[in-house]
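*Asks:* Here it is, the structure in full.
The values are calculated or read from the model by the stated rules, or taken from the named source; none is laboratory data. On a predicted model such as this, the values are computed, not experimentally measured, just so you know. Here the Cβ is made from the backbone with ideal geometry for all residues, glycine too, and neighbour counts use every protein chain on show.
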Amino acid sequence: MLTRIRANDLEVDQFAADLHRICGSFDVRPTDGSKRMRGHIQLESRAGIEVAHVGQDVQQVIRTPRAIRTDQSENYFLILQEEGRALMSQNEASTLLHPGDMVLIDSAAPSEFTFFGEYARQFSLHLPRAEMHSRFGYDLIRGGISLPRHDPTTMALCAVLGKVFGPVTPNEASATYLREAVFGLIGAMLHERSGKDGFAGIESDISGARALAAGQAYIDAHYRNPDLTVQDMADDLGMSSRQLQRAFAALGSTPTRYLLVKRLEHARRGLEARRAGQRDGLISTIAYEAGFSDLSYFQRCFRKAFGTSPKELVQPVAAEQHDFGPL
């Protein structure tokens, strides 16, 4: 057990609002239509890792296509079952979780969480979509991947997370190592389940980890500059371009690839906001805002990354014909 949170008696609508604020938009379906429930949700962040502690005794929590369009879907969720049981369903895969089991959920795809009206607790690790794609690409990651409690990778992840979120807050140097250990284990799991070779291990050199963190932070702040180059980054960070490239190579990525992912994610959010009527602007304007200077290049990269064109994404969506219903 990584944590124990106290369950409160509260209104279902209040829990749904808290869940929306911390994890995104979900439909909460209480047992027997009750308006009250036992539950709790709490956000915590340590070592640059954000988690949600969630407990509830509802029947189902469902993320529908309609709900997905109401927020930015910026995270993948790696969910650890801590108490009770839950049936997690996504991408035609269903996994019955018992304490110690894990499952990876994509917030950008419909999903169902069924708790059978019993009290259950989950530890939900929030993994930024842009960083996941920068580290591991687009082909390896899919919602519905399960990690049984007896798997060595699952046990290792629980051990590292136990250090991060244990009674003693890790110091800065330890936090850097621990965060990289978490993503290294996630990468190992993704490659193992893909059946592909070539996983690039994470360097244990602290200077390399700091160079990587500095490079990511710099790109996060400046990616909208269309003239940004790797040499510009290296000069401003006081390191060589080779050192910066080597830091990203430890994750099987490059500064250029991370920059592209940040721009694509920014453009996707802008296009989805336009589709939802939350903003206006031409597709070209949104692309330029994200840091792209070549519209044809942007369109090619966008289709490759998301499997659809920018124009198709902004098309108004017809009323839902059906959402997930109860099991």
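*Asks:* Could you give every pair whose Cβ atoms fall below 8 Å, whose first residue belongs to the stretch 252-277 and is surrounded by fewer than 21 Cβ atoms within 10 Å (Cβ to Cβ), and whose second residue is among the β-branched types (V, I, T) and outside any helix (DSSP H, G or I), counting only separations of at least 6 or pairs across chains?
*Replies:* Listed pairs, sorted by first residue: R275/V317; A276/T70.
*Asks:* Pairs, please: C-beta under 6 Å, at least 6 apart or cross-chain, first residue farther than 22 Å from R263 by Cβ and in the stretch 110-136, second hydroxyl-bearing (S, T, Y) and part of a strand (DSSP E or B)?
*Replies:* Between residues of the stretch 110-136 that are farther than 22 Å from R263 by Cβ and residues that are hydroxyl-bearing (S, T, Y) and part of a strand (DSSP E or B), the close pairs are E112/S89.
*Asks:* Out of the residues in the stretch 16-41 meeting the condition of being among the hydroxyl-bearing types (S, T, Y) and surrounded by fewer than 17 Cβ atoms within 10 Å (Cβ to Cβ), tell me which one is nearest to F123 (Cα to Cα). Break it down stepwise before answering.
*Replies:* Quick first cut of the stretch 16-41, residues among the hydroxyl-bearing types (S, T, Y) only: 25, 31, 34.
Within this subset, residues satisfying the condition of being surrounded by fewer than 17 Cβ atoms within 10 Å (Cβ to Cβ) are 31, 34.
Values: T31: 22, S34: 25 Å.
Residue satisfying both the conditions and the ranking: T31.
*Asks:* Separate question: Mind checking which residues of the stretch 42-51 are surrounded by fewer than 20 Cβ atoms within 10 Å (Cβ to Cβ) and assigned to a strand (DSSP E or B)? If you could, list the steps in order and put the result at the bottom.
*Replies:* Kept after step one, since they are surrounded by fewer than 20 Cβ atoms within 10 Å (Cβ to Cβ), are these residues of the stretch 42-51: 42-46, 48-50.
Once the filter is applied, which keeps residues that are surrounded by fewer than 20 Cβ atoms within 10 Å (Cβ to Cβ) and assigned to a strand (DSSP E or B), the stretch 42-51 yields Q42, L43, E44, S45, R46, I49, E50.
*Asks:* Considering only the stretch 158-173, state which residues are in contact (Cβ under 8 Å) with a residue 60 or more places away in the chain and part of a helix (DSSP H, G or I).
*Replies:* C158, L161, G162, V164 - these are the residues of the stretch 158-173 that are in contact (Cβ under 8 Å) with a residue 60 or more places away in the chain and part of a helix (DSSP H, G or I).
*Asks:* Spot the failing condition for G252; the list is (1) within 15 Å of A130 (Cβ to Cβ); (2) part of a loop (DSSP other than H, G, I, E, B); (3) small (G, A, S); (4) at pLDDT below 90, and only one is missed.
*Replies:* (1)
*Asks:* For the stretch 88-126, how many residues meet the condition of being among the aliphatic types (A, V, I, L, M), farther than 12 Å from S73 by Cβ and buried (at least 20 other Cβ atoms within 10 Å of the Cβ)? Before the answer, list the steps.
*Replies:* Going residue by residue through the stretch 88-126, those that are among the aliphatic types (A, V, I, L, M) are 88, 93, 96-97, 102-105, 108-109, 120, 125.
Narrowing the set further to residues that are farther than 12 Å from S73 by Cβ leaves 88, 93, 96-97, 102-104, 120, 125.
With buried (at least 20 other Cβ atoms within 10 Å of the Cβ) added as a condition, the list becomes 88, 97, 102-104, 120, 125.
The qualifying residues number 7.
*Asks:* Out of (1) in a loop (DSSP other than H, G, I, E, B); (2) within 30 Å of R279 (Cα to Cα); (3) more than 16 Å from the chain's Cα centre (by Cα), what's the single condition that is false for V58?
*Replies:* Of (1) in a loop (DSSP other than H, G, I, E, B); (2) within 30 Å of R279 (Cα to Cα); (3) more than 16 Å from the chain's Cα centre (by Cα), only one is false for V58: (2).
A quick yes/no check of all residues on (1) β-branched (V, I, T); (2) assigned to a helix (DSSP H, G or I); (3) assigned by TED's automatic domain parsing to the domain that holds R69:
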site: A267; (1), (2), (3): no, yes, no
site: L271; (1), (2), (3): no, yes, no
site: D280; (1), (2), (3): no, no, no
site: A287; (1), (2), (3): no, yes, no
site: F292; (1), (2), (3): no, no, no
site: Y297; (1), (2), (3): no, yes, no
site: R300; (1), (2), (3): no, yes, no
site: A305; (1), (2), (3): no, yes, no
site: T308; (1), (2), (3): yes, no, no
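*Asks:* May I ask you to list the residues in the stretch 178-231 that are of a type in the set (D, E, K, R) and either modelled with pLDDT of 90 or more or within 23 Å of V160 (Cβ to Cβ) (or both)?
*Replies:* Result: R179, E180, E192, R193, E203, D205, R210, R224, D227.
*Asks:* Tell me which residues, restricted to the stretch 142-165, are farther than 22 Å from A47 by Cβ and surrounded by 17 or more Cβ atoms within 10 Å (Cβ to Cβ).
*Replies:* R142, G143, G144, I145, S146
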